[in-house]
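S.K.: My questions all concern the structure below.
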């Protein structure tokens, strides 16, 4: 069968699949099953226990449960306290990574040792960049990273093994992810966009955030403010509970007994979905569309009028969504957005992006009100971290192809922590139940 015939056949059979695979809402209601393991309020169905992190979006006061300001906790520490504890010039990626993976705050000596190990592991096998990353460049850097992770298994003499082996592999991947992402982009940019090729090696004296910027940029230069803002973004994206799609994927695959490389490849495949890790790209695309259709980005009435068009499916991608607004878990506020904004705003000011700032602030203030006017709101609407993370990456001149890979560079820490916890604390394959609602067919002709 030729490709053309296969494509035509697939198109013709599409309606058959839609007809036979559609499950109406009424059946979910009848059997008390929640689509996407989430109830009408967006609360996830309880599927496990964890000591790694906690998300708070509702609190019970005087016996009455209600929405509250969002909280995010890493290993018992409030994320706001962790960020506040960092010095103005201090980079916290390595310290918070140690906390999440090993479960306690490192001493000065432990942090120094861990940072040195991460630096020593910032290397790839001989000719790996040439033979793997540059061999089949792709605009989809997440696919490139996934292929690289699976190929790295071929260079590991002990792919499978116990807890100690998994810890070793996780630490190596935390160190290698920035190179897999940045080198993957440079290969694509060279072969597909006809740009110059340059591969800058990591500097062992630099932090993860600093290395990302110096490996990405042609002149390898960056400001302290830029590196600090990127470091904060990485910390905020490291972990977000066991229920998010890619972390749950990590735990499901780990529970089957699969190896670290296959597990992390599965997590990458989950994260790349636009409903998960690709959300900040949609925010940037929406912002670009708004800019193209407004005469004055600072005019609140003009901004509000166009946002109404978006909500009414008359503009942008006709989805009716204002991207970057609302969250599956948080209600009144997303603490990550509040923290990141405090670093993004001064950086934008320093770079003279005043009109952009005005537009973001107008959308942030107007969107929740406009959304509440157009549809029922069960738990409040507020900006989420994706609203400002894309703006930050734009301010740092990071290409859009790397937005989701940056998420992965941070979240590999959380995935590693959950893989280890699954190995230590669960030791049982995850096997949820699905209720069959098919109709039985008794055909005497068979």
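The values are calculated or read from the model by the stated rules, or taken from the named source; none is laboratory data. In this text the structure is predicted, and so the values were computed from the model without any measurement. We place every Cβ from the backbone using ideal geometry, glycine too, and count neighbours over all the protein chains shown.
S.K.: Inside region 153-165, can you point out the residues that are within 12 Å of residue 262 (Cα to Cα) and touching a helix residue (DSSP H, G or I) at 6+ places or on another chain (Cβ under 6 Å)?
M.R.: Once the filter is applied, which keeps residues that are within 12 Å of residue 262 (Cα to Cα) and touching a helix residue (DSSP H, G or I) at 6+ places or on another chain (Cβ under 6 Å), region 153-165 yields 153, 159.
S.K.: Which is within 16 Å of residue 178 (Cβ to Cβ) and assigned to a loop (DSSP other than H, G, I, E, B), of 429, 398, 409?
M.R.: 398
S.K.: Something else about it: Could you list, ordered by first residue, the pairs with Cβ atoms under 9 Å in which the first is in region 217-230 and not assigned by TED's automatic domain parsing to the domain that holds residue 348 and the second is surrounded by fewer than 19 Cβ atoms within 10 Å (Cβ to Cβ) and at pLDDT below 95, at least 6 apart or interchain?
M.R.: 218/196; 218/198; 224/88; 224/89; 228/88; 228/89
S.K.: Condition check: touching a residue at least 12 places away in the same chain (Cβ under 8 Å), in a helix (DSSP H, G or I) and outside the structural domain of residue 111 (by TED's automatic domain parsing). Does residue 291 satisfy that?
M.R.: In short, yes.
S.K.: Please find, within region 89-115, the residue that is surrounded by the most Cβ atoms within 10 Å (Cβ to Cβ) out of those that are free of Cβ contacts under 8 Å to residues at least 12 places away in the same chain and over 22 Å from the mean Cα position of the chain (by Cα).
M.R.: Checking each candidate, the answer is 106.
S.K.: Now a separate question. Go through region 181-200 and report how many residues are in contact (Cβ under 8 Å) with a residue 40 or more places away in the chain and loosely packed, with under 13 Cβ neighbours inside 10 Å.
M.R.: 1
S.K.: Would you check if there is a residue in region 430-440 being within 28 Å of residue 94 (Cβ to Cβ), surrounded by fewer than 24 Cβ atoms within 10 Å (Cβ to Cβ) and in contact (Cβ under 8 Å) with a residue 60 or more places away in the chain?
M.R.: There is no residue in region 430-440 that is within 28 Å of residue 94 (Cβ to Cβ), surrounded by fewer than 24 Cβ atoms within 10 Å (Cβ to Cβ) and in contact (Cβ under 8 Å) with a residue 60 or more places away in the chain.
S.K.: Quick check on this structure: which one of 130, 168 is under 30 Å from residue 422 (Cα atoms) and surrounded by fewer than 17 Cβ atoms within 10 Å (Cβ to Cβ)?
M.R.: Selected residue: 168, the only one of 130, 168 that is under 30 Å from residue 422 (Cα atoms) and surrounded by fewer than 17 Cβ atoms within 10 Å (Cβ to Cβ).
S.K.: State yes or no: is residue 203 in the same structural domain as residue 409 (by TED's automatic domain parsing), more than 21 Å from the chain's Cα centre (by Cα) and without any contact (Cβ under 8 Å) to a residue 12 or more places away in the chain?
M.R.: In short, yes.
S.K.: Determine, yes or no, whether residue 124 is under 15 Å from residue 238 (Cβ atoms) and crowded, with 16+ Cβ neighbours inside 10 Å.
M.R.: Against the criterion (under 15 Å from residue 238 (Cβ atoms) and crowded, with 16+ Cβ neighbours inside 10 Å), residue 124 does not qualify.
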